[in-house]
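Beneath this line is the structure, given in structure tokens, with notes to follow.
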Amino acid sequence: MTSTDTLDTLLNDGRRALIAGELETANHKADAVLAVVSRQPQALYLKATAAAMAGNPASAVALFQASIAAGGGTPECHYNLAQALHRTGDHAGAERAYLAAILRAPGFADAYNGLGVTLAAVGRVEDAIAAFRRAVAEQPRHADAGHNLASMLTNCGRHDEVFVLYRDWLDSDPGNERLIFLTGTAALMADCLPEAETYLRRVLLRQPRDAAAWNNLALTLAHRGLVGEAIEAFAKAVEIRPDYLDALFGMASSYQAAGQEQRALETYEQVRALVPEFVEIDSNILMSLNYSDTLSPEEIYDRHRRWGDETLRRRGGLPAPVVPAQLLMGRRLRIGYVSPDFRLHSVAMFLLPLLRNHDRSRVELFAYSHVEKTDFITEEILQQMEHWRSINGLTADKVADLIREDGIDLLIDLAGHTGRNRLDVFARRPAPVQATWLGYPATTGLATVDVRFTDAVADPPGETNRWHVERLERLEHFLCYGPLGPTPDPLPLPMLERDHVTFGSFNALSKLNDATAALWSRVLRAVQGSRLVLKSKVLIDPAIRDRVTALFAGHGVAPERLTLLSHINNHFGHLDAYGDIDIALDPMPYNGTTTTCEALWMGVPVLTLPGNVHAARVGASLLTAAGLTDWIAAGADDFVAKAVALTAVPRDLSDIRAGLRARLQASPLCDGAAFARHFEAGAFAALTESGRISNGG
């Protein structure tokens, strides 16, 4: 008969073998014990652990359960059983086993962490977050639980909470360089930019060749508008890692924000050469083309079309047409809107007036939301939609399947080639008719997009048809404006209290090219003593300010005639800044949209000079819808003449300012109900003319 001491020796030898990774020896020792005591719980536990380590979770489950049944139900045994059950895909069983471990050891941090992983796997996000939080509460330096909690919160867009998590963690371990980096990165994601810069510079003091820290510092600087400094920091990251795609991408975006379009294009092309299949780069390149004052409409169209053809070629050609559902046979038209901008974004200013006025007896609304961080506008849009689908993290194939399951009749893209677009979904043709509207000023280039909603001013009939792969469905007007909340009243005309006229533009600096500067400089020279106010986030950067003043100096405008303003966080403050402007000037060839509407709303006339592509004619479209066609110039000379005429009688300009908001509100540009009827008529026309959906009634 083997003694108890001998059995204990065998078990201890087995445990040491497990620690050493000698699984066969561990099994041999456990079998020797079981030959004497057939249901010895510790030996069964030893064999179960060896099975789990060998990658055989099903066998491990049976052995852990046998150990528990034999009286070995320790917290650790239940915990390891839970891990094995999770690996077999039995998440419900794993949850029960983790809870059994916690019941026996309420402070078991590893069990709470494991429970969180299992709950996350079945989509129980809030429960998983609660489990990870408990693990961290029980063991503040539990690295896995902390990182899991941060990952879950990040995926939910709760960046503020992630920053607090890492900051508190760092307080308990202040010398941890990895934690300093993660805290700085979390601060960046939470838009706590001064804190992010502080933490990331602390990293670089210790690790001056940390490319990731340079990249994230550059992103922080770019978000603050310091794009000149950001470009230098991105360059440091690329110097350390020449193939650092994120840094190259960020550098290109910063060049674009700074108005250096050629440098932006060259850098985007550099990334594309490194990773030809990087689709985001293609969209950024195409977006950049719209800012060019040298490319012809044919060149811009050709680049977009070639991208679309190549996208479909990589997918094996045009997808098979979707079998259409019959319309007007007892059900409503199902419209699906796809956007990353269901949030506090300019797109919402033009989308919400339509959503609020859609005829719900005729249309059924679906939202496919790719929003990264939700806000109060997201909630407003959600309330207007009958069906809400979050497509964050979903592949294009999965999104396409979801759209097909919803039976969408008309799928509308609201982003074009702007950031986080889902044109990859449209390439799979999940709906019988697909359209693009609102978010992008040119063709998508994608043959699976059938229709582009526009109007006859933004895209006059005739030649403009050739510059789109889509068929142009011209509405009465293609935009309807509504502020996203309360706004201040217009302020008095500034020139009544000053000895000079003030022109201005609050457009992104990327729209300020040499042609625009030349035209605006002519206006300033024609109106004696006049000034120009420019407002853009990147004008906080001294290098960018110097470039702008040099640009205008080259056209005979002295620096003292320029007032350069950076971003104003307060929305009322932003709108009140129009109180310093007598007349707004529209850039070319990429007109303002939101800026034009906001200027008019605040009583400021806007002068525009239409070009020959959509981006260069949005100003004319908006002014036409507002009934303000007198401010649309017929040429450069007329643009200057109109500016001079508007300033000739200050009292008349003051009267215009006082009545402009009411005039705007009474115009078609702000008539959401009428716009919705026009849009719905255009939608039904698009369906009928496409030939892909039968009328049926």
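Of (1) small (Gly, Ala, Ser); (2) more than 13 Å from residue 80 (Cβ to Cβ); (3) modelled with pLDDT under 90, residue 54 satisfies all except one. Which?
(3)
Go through 509, 562 for me and flag whichever is out of contact with any Asp or Glu (no Cβ under 7 Å at 6 or more places or on another chain), within 26 Å of residue 597 (Cβ to Cβ) and free of Cβ contacts under 8 Å to residues at least 60 places away in the same chain.
562
Being under 25 Å from the mean Cα position of the chain (by Cα), more than 15 Å from residue 305 (Cβ to Cβ) and of a type in the set (Val, Ile, Thr) is the filter here; which residues of region 442-486 pass it?
451, 454
Are any residues in region 389-424 outside any loop (DSSP other than H, G, I, E, B), touching a Phe, Trp or Tyr at 6+ places or on another chain (Cβ under 8 Å) and farther than 24 Å from residue 288 by Cβ, and if so, which ones?
Residues satisfying the conditions are 389, 399, 402, 403, 406, 411, 412.
Only one residue in 381, 412, 403 is in contact (Cβ under 8 Å) with a residue 24 or more places away in the chain, more than 30 Å from residue 253 (Cα to Cα) and out of contact with any helix residue (DSSP H, G or I) (no Cβ under 6 Å at 6 or more places or on another chain). Which one?
Just one listed residue meets the conditions, 403.
Show the residue pairs that are 6+ apart or on different chains and have beta-carbon atoms under 7 Å apart, the first residue being within region 425-436 and in a loop (DSSP other than H, G, I, E, B), the second being of a type in the set (D, E, K, R).
From residues that are in a loop (DSSP other than H, G, I, E, B), the pairs are 427/315; 428/397; 430/404; 431/409; 432/409; 432/692.
Pull up region 274-291, narrow it to residues that are modelled with pLDDT under 90 and part of a loop (DSSP other than H, G, I, E, B), then point me to the one that is farthest from residue 467 (Cα to Cα).
Applying the filter and picking the extreme gives 275.
Could you check residue 242 against (1) without any contact (Cβ under 8 Å) to a residue 12 or more places away in the chain; (2) of a type outside the set (Ser, Thr, Tyr); (3) surrounded by 23 or more Cβ atoms within 10 Å (Cβ to Cβ) and say which number it fails?
Condition not satisfied by residue 242: (3).
Residues checked against (1) modelled with pLDDT of 95 or more; (2) surrounded by 14 or more Cβ atoms within 10 Å (Cβ to Cβ); (3) in a loop (DSSP other than H, G, I, E, B); (4) not assigned by TED's automatic domain parsing to the domain that holds residue 690:
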{"residue": "231", "(1), (2), (3), (4)": "yes, yes, no, yes"}
{"residue": "256", "(1), (2), (3), (4)": "no, yes, no, yes"}
{"residue": "263", "(1), (2), (3), (4)": "no, yes, no, yes"}
{"residue": "319", "(1), (2), (3), (4)": "no, yes, yes, no"}
{"residue": "326", "(1), (2), (3), (4)": "no, no, yes, no"}
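Every residue in region 660-675 that is free of Cβ contacts under 8 Å to residues at least 12 places away in the same chain and not aliphatic (A, V, I, L, M), please.
Once the filter is applied, which keeps residues that are free of Cβ contacts under 8 Å to residues at least 12 places away in the same chain and not aliphatic (A, V, I, L, M), region 660-675 yields only 665.
Looking at region 618-639, which of the residues that are surrounded by fewer than 13 Cβ atoms within 10 Å (Cβ to Cβ) and small (Gly, Ala, Ser) is nearest to residue 659 (Cα to Cα)?
Only one residue fits best here, namely 634.
(1) of a type outside the set (S, T, N, Q); (2) assigned to a helix (DSSP H, G or I); (3) touching an Asp or Glu at 6+ places or on another chain (Cβ under 7 Å): which one isn't true of residue 107, the others all being true?
Every condition holds for residue 107 apart from (2).
Filter region 393-440 down to the residues that are in contact with a strand residue (DSSP E or B) (Cβ under 8 Å, 6 or more places away or on another chain), of a type in the set (A, V, I, L, M) and more than 11 Å from residue 339 (Cβ to Cβ) and list them by number.
399, 402, 403, 408, 410, 411, 423, 425, 431, 433, 435
Kindly state which strands (runs of 3 or more DSSP E) lie completely within region 449-547 and contain at least 2 residues that are charged (D, E, K, R), touching a helix residue (DSSP H, G or I) at 6+ places or on another chain (Cβ under 9 Å) and farther than 30 Å from residue 319 by Cβ. Break it down into steps so the answer makes sense when it comes.
On the way: elements: 451-455, 471-475, 502-505, 531-535.
Output list reads 531-535.
Pick out the one residue from 644, 606, 618 that is in contact with a strand residue (DSSP E or B) (Cβ under 9 Å, 6 or more places away or on another chain), among the aliphatic types (A, V, I, L, M) and under 16 Å from residue 532 (Cβ atoms).
606
Of everything in region 134-186 that's more than 20 Å from residue 91 (Cβ to Cβ) and basic (Lys, Arg), which residue is farthest from the chain's Cα centre (by Cα)?
Result: 141.
Among 101, 43, which is the only one that is under 30 Å from residue 147 (Cβ atoms) and either of a type in the set (Val, Ile, Thr) or crowded, with 22+ Cβ neighbours inside 10 Å (or both)?
101
Testing residue 589 on (1) buried (at least 23 other Cβ atoms within 10 Å of the Cβ); (2) closer than 23 Å to residue 530 by Cβ; (3) more than 23 Å from the chain's Cα centre (by Cα), one condition comes back false. Which one is that?
For residue 589, the failing item is (2).
Can you pull out every residue in region 548-571 that is at pLDDT 95 or above and part of a helix (DSSP H, G or I)?
Answer for region 548-571, where residues must be at pLDDT 95 or above and part of a helix (DSSP H, G or I): 548, 549, 550, 551, 552, 553, 559, 560, 561.
Residue by residue through region 152-188, note down the ones that are within 24 Å of residue 371 (Cα to Cα) and touching a Phe, Trp or Tyr at 6+ places or on another chain (Cβ under 7 Å).
Answer for region 152-188, where residues must be within 24 Å of residue 371 (Cα to Cα) and touching a Phe, Trp or Tyr at 6+ places or on another chain (Cβ under 7 Å): 152, 182, 183, 184, 186, 187.
Here are the criteria: (1) assigned to a helix (DSSP H, G or I); (2) under 30 Å from residue 677 (Cβ atoms); (3) not aromatic (Phe, Trp, Tyr). Tell me which single one residue 577 does not satisfy.
(2)
Within region 375-401, can you find the residues that are surrounded by 18 or more Cβ atoms within 10 Å (Cβ to Cβ) and among the β-branched types (Val, Ile, Thr)?
377, 378, 381, 391, 399 - these are the residues of region 375-401 that are surrounded by 18 or more Cβ atoms within 10 Å (Cβ to Cβ) and among the β-branched types (Val, Ile, Thr).
Can you spot a residue in region 297-313 that is touching a Lys or Arg at 6+ places or on another chain (Cβ under 6 Å) and touching a residue at least 40 places away in the same chain (Cβ under 8 Å)? Even if it seems obvious, please write down each step before you answer.
Residues of region 297-313 touching a Lys or Arg at 6+ places or on another chain (Cβ under 6 Å): none.
No: region 297-313 contains no residue that is touching a Lys or Arg at 6+ places or on another chain (Cβ under 6 Å) and touching a residue at least 40 places away in the same chain (Cβ under 8 Å).
Tell me, please, whether a residue that is charged (D, E, K, R) and within 35 Å of the chain's Cα centre (by Cα) can be found in region 37-55.
Scanning region 37-55 turns up no residue that is charged (D, E, K, R) and within 35 Å of the chain's Cα centre (by Cα).
The values are calculated or read from the model by the stated rules, or taken from the named source; none is laboratory data. Computed from a predicted structure; not experimentally measured. Counting neighbours? That spans all protein chains shown, and the Cβs are built from the backbone with ideal geometry, glycine included.
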